[in-house]
Amino acid sequence: MSYMEPKPVNEDLTARAVVDSNELEWLASPEDGVERRPLERDGGEVARATSIVRYAADSSFSEHTHGGGEEFFVLSGTFCDETGEFPAGSYVRNPPGSSHKPFSREGCTILVKLRQMRDDDTQRVVVDSNQAEWQAGETPAHHIIPLFEGPDERVTLEKLDPGGSIEPAEMEGGDEIFVIAGSFQDENGTYGKGTWVRNPAGTRHGIESPEGCLLWIKRGHLPRR
């Protein structure tokens with residue numbers, strides 16, 4: 001697989017987008033053993049981007065600086081860098097201006113967002129959700145692990161038991177949802193494991209899950225219309 005500079009995709013943040021990442025081809029990155037599935041991207045190799053990234057066993061990425069920051073959630077395997085090892089279920093925020101040289105001994109897959117942080121967001125955040133306690137959500141079937149909260153965004157891990165739901169609400173700053181396990185449905189459709197949904201600011205929707213699901217959700221960060 002040869003490297004080709006990525007193209008913009010779903011770059012209009014005021015438009016709704018739904019991507020089943022399972023249907024996308026893995027695209028080569030500039031480093032051997034590291035491949036990507038783009039969900040949204042505004043630019044070429046250096047870009048505001050949201051992607052699924054896969055590291056093969058014993059692969060690495062050259063040292064780089066995070067202009068605009070980096071945020072990722074480990075979906076499988078173990079992600080590593082100079083600061084430690086991060087197993088599946090880990091959430092990490094590396095602020096703007098930080099740098100590292102990532103690698104993976106066993107291989108891993110991560111959901112990663114690049115160049116999407118405020119300049120004054122200087123706090124590094126590491127949360128191992130495997131060690132965190134689930135908090136009560138809107139109903140007894142809804143459970144939450146807070147991952148990050150800033151002036152204009154809130155990131156959570158949310159679990160719905162079979163038959164659980166979240167009441168419809170207006171998303172003032174929009175939201176992004178990635179299905180880690182199970183499936184959910186809303187007024188527009190049904191979304192299985194590996195699906196990414198972006199609902200722009202001002203939209204209204206609820207969530208229902210007949211079979212149960214585990215979701216990564218970011219709210220409030222999209223531009224107001």
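Read-outs: derived from the displayed coordinates by stated rules, not from any lab. Treat the numbers as computed from the prediction; the structure is a model and nothing was measured. Heads up, the Cβs are rebuilt from the backbone with ideal geometry, glycines too, and the neighbour counts pull from every protein chain shown.
Quick rundown of the values:
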item: Virtual spin-label span in nm between residue 149 and residue 161, 7 Å along Cα→Cβ; result: 2.4 nm
item: Listed residue (192, 140, 212) projecting farthest to the positive dipole end of region 132-219, Cβ model; result: 192
item: Dimensionless Rg ratio for region 132-219, taking C-alpha atoms and the 2.2 N^0.38 Å reference; result: 0.99
item: Dipole axis of the chain (+1 Lys, Arg; -1 Asp, Glu on Cβ), positive-most option in 110, 67, 157; result: 67
item: Hz values of 3J(HN,Hα) by residue in region 12-20 - Karplus curve (6.51, -1.76, 1.60), Gly and Pro given as x; result: 7, 6, 8, 10, 6, 9, 9, 9, 8
item: Local electrostatic count, residue 69, Cβ distance below 12 Å [Lys/Arg +1, Asp/Glu -1]; result: 0
item: Neighbour-count ranking [beta-carbon atoms within 10 angstrom, fewest first] of 60, 104; result: 60, 104
item: Ascending count of other beta-carbon atoms within 10 Å, so fewest first, for 117, 4, 171; result: 4, 171, 117
item: Cα-projected label distance for residue 27 with residue 2, points at 7 Å along beta-carbon direction, nm; result: 1.6 nm
item: Local net charge near residue 55, Cβ-Cβ under 12 Å (Lys/Arg +1, Asp/Glu -1); result: -3
